[in-house]
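The values are calculated or read from the model by the stated rules, or taken from the named source; none is laboratory data. These numbers come from a predicted model, not from an experiment. For neighbour counting, all protein chains shown are included, and Cβ atoms are generated from backbone atoms with ideal geometry for every residue, glycine included.
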Amino acid sequence: MTNNNEIKKSTWHTKHEESLSVGHRISDAVANYMGSWSFIIIQSILVILWMILNIVAYVGQWDPYPFILLNLLFSTQAAYAAPIIMMAQNRQSERDRHQALEDYETNIAAKSEIESLQFELTRIENDKLDKIILLLEDIKKNKN
């Protein structure tokens with residue numbers, strides 16, 4: 001008997017997850033987080049706080065209007081985020097290709113099984129028809 005853990009380990013998705021390196025896992029996590037509403041909300045709050053603190057503070061402004069340091073931070077964030085997101089998208093494409101291949105192989109196996117079942121059903125039907133014909137011939141002989 002196989003338990004659920006053995007069944008789970010045999011799926012293509014689990015095999016793919018196990019093959020990922022630490023860097024791949026980190027880039028996937030970063031891309032997932034950067035594509036979430038929580039990231040957008042937290043970043044928006046931080047930007048609003050940054051701007052308010054720099055507008056309100058008459059003394060000790062670390063980034064006065066037009067917020068050049070904030071723009072530099074956004075540029076740096078974008079420079080790192082773009083390749084990380086692209087790596088995650090490439091792995092997603094790889095997962096999609098692998099899943100499509102697995103689906104294709106499953107469909108081929110199912111098609112083969114369906115064809116053999118159809119062949120067997122046709123054979124059984126032909127055997128029954130042959131028996132019916134023999135019975136009808138016997139009945140015809142017995143009548144004559």
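Could you tell me whether Gln92 is within 26 Å of Ser19 (Cα to Cα), surrounded by 10 or more Cβ atoms within 10 Å (Cβ to Cβ) and in contact with an Asp or Glu (Cβ under 9 Å, 6 or more places away or on another chain)?
Details: within 26 Å of Ser19 (Cα to Cα): yes; surrounded by 10 or more Cβ atoms within 10 Å (Cβ to Cβ): yes; in contact with an Asp or Glu (Cβ under 9 Å, 6 or more places away or on another chain): yes.
Yes; evaluated as a whole, the condition is true for this residue.
Considering each of Val47, Val59 in turn, give the residue that is exposed (fewer than 10 other Cβ atoms within 10 Å of the Cβ) and free of Cβ contacts under 8 Å to residues at least 60 places away in the same chain.
Details: Val47 fails: exposed (fewer than 10 other Cβ atoms within 10 Å of the Cβ).
So the residue among Val47, Val59 that is exposed (fewer than 10 other Cβ atoms within 10 Å of the Cβ) and free of Cβ contacts under 8 Å to residues at least 60 places away in the same chain is Val59.
Which pairs have Cβ atoms under 7 Å, sit 6 or more apart or on different chains, and link a residue in region 73-101 that is among the β-branched types (Val, Ile, Thr) to one that is in a helix (DSSP H, G or I)?
Ile84/Ser27; Ile84/Val30; Ile84/Ala31; Ile85/Ala31; Ile85/Met34
Which members of region 103-144 meet the condition of being among the polar types (S, T, N, Q) and loosely packed, with under 10 Cβ neighbours inside 10 Å? I'd like the intermediate steps shown before the answer.
Within region 103-144, the first condition is being among the polar types (S, T, N, Q), and the residues that meet it are 106-107, 112, 116, 118, 122, 126, 142, 144.
Correct list: Asn142, Asn144.
For region 27-44, give me the residue count where each residue is over 19 Å from Gln89 (Cα atoms) and either of a type outside the set (S, T, N, Q) or loosely packed, with under 12 Cβ neighbours inside 10 Å (or both). Steps first, please.
At the first step, the residues of region 27-44 found to be over 19 Å from Gln89 (Cα atoms) are 38, 40-44.
With the extra rule that they be either of a type outside the set (S, T, N, Q) or loosely packed, with under 12 Cβ neighbours inside 10 Å (or both), the set shrinks to 38, 40-42, 44.
Adding up the residues that qualify gives 5.
How do the helices (runs of 4 or more DSSP H) wholly within region 1-92 filter down when requiring 1 or more residues that are polar (S, T, N, Q), at pLDDT 90 or above and on the phi < 0 side of the Ramachandran plot: which remain? Talk me through it step by step, then tell me what you get.
Values: elements: 4-9, 12-19, 22-34, 37-56.
Those helices (runs of 4 or more DSSP H) span 37-56.
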